[in-house]
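As structure tokens, the structure follows; a few thoughts come after it.
The values are calculated or read from the model by the stated rules, or taken from the named source; none is laboratory data. This is a predicted model, so every value here is computed, not measured. Cβ placement follows ideal geometry from the backbone for every residue including glycine, while neighbour counts extend to all protein chains displayed.
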Amino acid sequence: MDVEQLKAFERIVREGSFSRAARVLDIAQPTISARIQTLEQEVGGPLFERNTRKLTLTARGHNFLPYARKALAILNEGVETAKLVPSGERGRLSLGVLRSLSGGLLYPALADFYANYPKVECYVQDGSHRQLVEFLYDGVLEMALIAYPNIDPYLLDIMPLMLFHEKALLVASPKHPLSQQKTVTKEMVASLSNPFILMRWWQITPAPILELARRSEAILDLPGDTAKGLIINGTGTGFFNYTQVAEELKTGQLVEIKITGFEQIFRDSALVCLERNRELTAVALNFVECLKIQANRFGLNGQ
């Protein structure tokens with residue numbers, strides 16, 4: 001069975017005549033008849049009633065028709081996809097992202113990407129740093145947004161495509177006691193945070209943050225989304241990377257708490273792939289460009 005036989009069958013049904021179908025397909029009538037005879041041998045019997053003036057389908061023909069049309073449609077879609085793959089207009093984006101980067105930085109980049117490439121299939125997997133690295137090595141993902149530099153000495157095949165350097169900010173609700181202070185010291189953070197919230201989005205939590213936690217009277221260790229929800233509702237303070245809270249800072253749901261004499265903390269991350277897979281697909285390259293736009297918008301110095 002081949003595609004020309006299926007095309008002949010579908011066209012005869014549409015035209016209601018062997019001769020008209022042959023003219024449309026620009027082939028001789030004996031040729032189209034031969035294709036149908038071969039197809040009928042493949043499916044085990046006649047597809048058309050041949051003893052009536054009007055061409056009609058047999059029961060076998062009626063049942064086979066939707067499958068023939070589906071096969072032709074899938075084939076046409078495959079040909080169209082193959083034509084568009086080199087430009088990145090079709091294909092698959094397989095991306096991993098740390099949960100702490102899945103909001104402010106990623107979603108506007110994905111929205112921009114989808115607006116420009118609506119026929120690309122997008123697969124985005126969130127997870128921890130180690131999980132995403134494993135997915136890269138397993139071939140599940142082509143790229144991932146992870147903490148950087150990678151501290152595991154055994155993972156030598158990680159190659160950065162873009163680097164991000166963003167501030168980590170201590171934030172609180174506008175109604176939190178610390179938000180009412182003109183000057184905030186480390187001692188005030190320790191005593192008034194109530195609680196001071198640690199979050200699981202560092203490879204290694206910076207020493208100044210751990211020192212604040214040690215001094216604090218109450219501590220919670222929470223996932224980032226849970227912590228942000230609590231803080232927005234007036235409970236506690238915590239450090240977030242800027243893109244996690246940029247929208248809430250803009251709308252006034254959160255405010256930055258600046259600590260006197262406290263050095264600015266940065267969180268570094270990167271879009272990476274494996275060295276062995278450095279020749280990215282066109283789809284991946286198109287997404288990288290969209291991500292660069294968002295990185296520049298946030299002032300993250302993405303390169």
Quick one: in segment 159-180, of everything that is more than 29 Å from the chain's Cα centre (by Cα) and modelled with pLDDT of 95 or more, which residue is surrounded by the fewest Cβ atoms within 10 Å (Cβ to Cβ)? 175
Let me spell it out: the conditions are (1) farther than 30 Å from residue 148 by Cα; (2) surrounded by 13 or more Cβ atoms within 10 Å (Cβ to Cβ), and residue 98 meets all of them except one. Which number is the exception? (1)
Give, as residue ranges, the strands (runs of 3 or more DSSP E) completely inside segment 215-303 that count at least 1 residues that are of a type in the set (D, E, K, R). 219-222, 265-274
Restricting the first residue to segment 255-281 and requiring it to be within 27 Å of residue 193 (Cα to Cα), which pairs with a second residue that is of a type in the set (S, T, N, Q) and assigned to a strand (DSSP E or B) meet a Cβ separation below 9 Å and a spacing of at least six or different chains? 257/237; 266/241; 267/241
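Residue by residue, here is whether (1) at pLDDT 95 or above; (2) over 31 Å from the mean Cα position of the chain (by Cα) holds:
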{"position": "194", "(1), (2)": "no, yes"}
{"position": "203", "(1), (2)": "no, no"}
{"position": "213", "(1), (2)": "no, yes"}
{"position": "221", "(1), (2)": "no, no"}
{"position": "247", "(1), (2)": "no, no"}
{"position": "256", "(1), (2)": "yes, no"}
{"position": "268", "(1), (2)": "no, no"}
{"position": "278", "(1), (2)": "no, no"}
Lone unmet requirement of (1) surrounded by fewer than 13 Cβ atoms within 10 Å (Cβ to Cβ); (2) over 16 Å from the mean Cα position of the chain (by Cα) for residue 148: (1)
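In segment 57-91, what residues are within 25 Å of the chain's Cα centre (by Cα) and either of a type in the set (S, T, N, Q) or at pLDDT 90 or above (or both)? Spell out how you get there, then give the answer.
Applying the first criterion (within 25 Å of the chain's Cα centre (by Cα)) to segment 57-91 yields 74, 77-91.
Within segment 57-91, 81, 87 meet the criteria.
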Enumerate the pairs (first residue in segment 51-70 and basic (Lys, Arg); second residue anywhere and surrounded by 14 or more Cβ atoms within 10 Å (Cβ to Cβ)) with beta-carbon separation below 8 Å, excluding pairs fewer than 6 apart on the same chain, so at least 6 apart or on different chains. 60/43; 60/46; 60/47; 69/10
